[in-house]
Amino acid sequence: MEAINKNQAKNNTRSLSIEAINISKAKQLVTPFAELDDYDQRDITKLKNAFAQYDSILLEHLTRFDLGELSDRLAWIPFELFKDVRKLAKGGFGTVFVAGLDFPSVYVSEDGMVALKVLDENLLHEKYRSGLYIHAVSKS
């Protein structure tokens, strides 16, 4: 039994090393905020400013997946602010919804509609452990 536990520990350590390498490689592909075009920087900054009171929640969730450095380009929008949420489809990573976001200082589209993806929490953890890099955060 002890030999099995040692082998499991060795495999877990090897998996963690591969995960760390894969995540590090994926992070290198992300354009630094300062290098984004002015239009994208302005839109991200407006969105972040509108929801600045939620920055700590965003950082907490990103930090869980060792992605804290992405917080400069994302904003946490509370699920309760989305109106008329309708399910579009369920897929391999979760469920896609369409919803309205009526927030005075934020322009999202002509019709005020946005797409939301609610990730399957178990799948998110499984994919993260297997080294896939996912550009989303769950609603919880």
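The values are calculated or read from the model by the stated rules, or taken from the named source; none is laboratory data. If you're wondering where the values come from, they're calculated on a predicted model, not measured in any experiment. Cβ: placed from backbone, ideal geometry, glycine included. Neighbour counts: every protein chain shown.
Any residue at all in the range 90-100 that is surrounded by 14 or more Cβ atoms within 10 Å (Cβ to Cβ) and among the polar types (S, T, N, Q)? It would help to see each step written out before you state the result.
Narrowing the range 90-100 to residues surrounded by 14 or more Cβ atoms within 10 Å (Cβ to Cβ): 93-100.
Filter once more, so that each one left must be among the polar types (S, T, N, Q): 95.
So far as the range 90-100 goes, yes, one or more of its residues are surrounded by 14 or more Cβ atoms within 10 Å (Cβ to Cβ) and among the polar types (S, T, N, Q).
Do you know which of the residues in the range 69-83 that are without any contact (Cβ under 8 Å) to a residue 24 or more places away in the chain and either not acidic (D, E) or not in a helix (DSSP H, G or I) (or both) is nearest to S24 (Cα to Cα)? Among those residues, the one meeting the criterion is S71.
So is D66 surrounded by 12 or more Cβ atoms within 10 Å (Cβ to Cβ) and either in contact (Cβ under 8 Å) with a residue 40 or more places away in the chain or among the aliphatic types (A, V, I, L, M) (or both) or not? Walk me through how you get there before you give the answer.
Numbers: surrounded by 12 or more Cβ atoms within 10 Å (Cβ to Cβ): yes; either in contact (Cβ under 8 Å) with a residue 40 or more places away in the chain or among the aliphatic types (A, V, I, L, M) (or both): yes.
Taking the combined requirement at face value, the residue satisfies it.
Among residues of the range 111-127 that are within 15 Å of P78 (Cα to Cα) and of a type in the set (A, V, I, L, M), none has a Cβ under 6 angstrom from a residue that is modelled with pLDDT under 80 and surrounded by fewer than 15 Cβ atoms within 10 Å (Cβ to Cβ) at a sequence gap of 6+ or on a separate chain. Within the option set V118, V137, V106, V114, being of a type in the set (A, V, I, L, M), in a loop (DSSP other than H, G, I, E, B) and either modelled with pLDDT of 75 or more or on the phi > 0 side of the Ramachandran plot (or both) holds for one residue only, V106. Within the range 1-46, the set of residues being at pLDDT 65 or above, surrounded by fewer than 10 Cβ atoms within 10 Å (Cβ to Cβ) and among the acidic types (D, E) comprises E35, D37, D38. Being more than 14 Å from the chain's Cα centre (by Cα), closer than 30 Å to A20 by Cβ and exposed (fewer than 14 other Cβ atoms within 10 Å of the Cβ), is that true of even one residue in the range 108-115? Checked against the condition, which is being more than 14 Å from the chain's Cα centre (by Cα), closer than 30 Å to A20 by Cβ and exposed (fewer than 14 other Cβ atoms within 10 Å of the Cβ), the range 108-115 yields no hits at all.
Scan the range 84-97 and give yes if some residue there is at pLDDT below 80 and outside any helix (DSSP H, G or I), otherwise no.
We begin by selecting, within the range 84-97, every residue at pLDDT below 80; these are 92-93.
Applying the additional criterion that residues be outside any helix (DSSP H, G or I) yields 92-93.
Taking every residue of the range 84-97 in turn, at least one turns out to be at pLDDT below 80 and outside any helix (DSSP H, G or I).
Once the range 47-63 is narrowed to residues that are over 14 Å from the mean Cα position of the chain (by Cα) and among the hydrophobic types (A, V, I, L, M, F, W, C), the residue that is surrounded by the fewest Cβ atoms within 10 Å (Cβ to Cβ) is A52.
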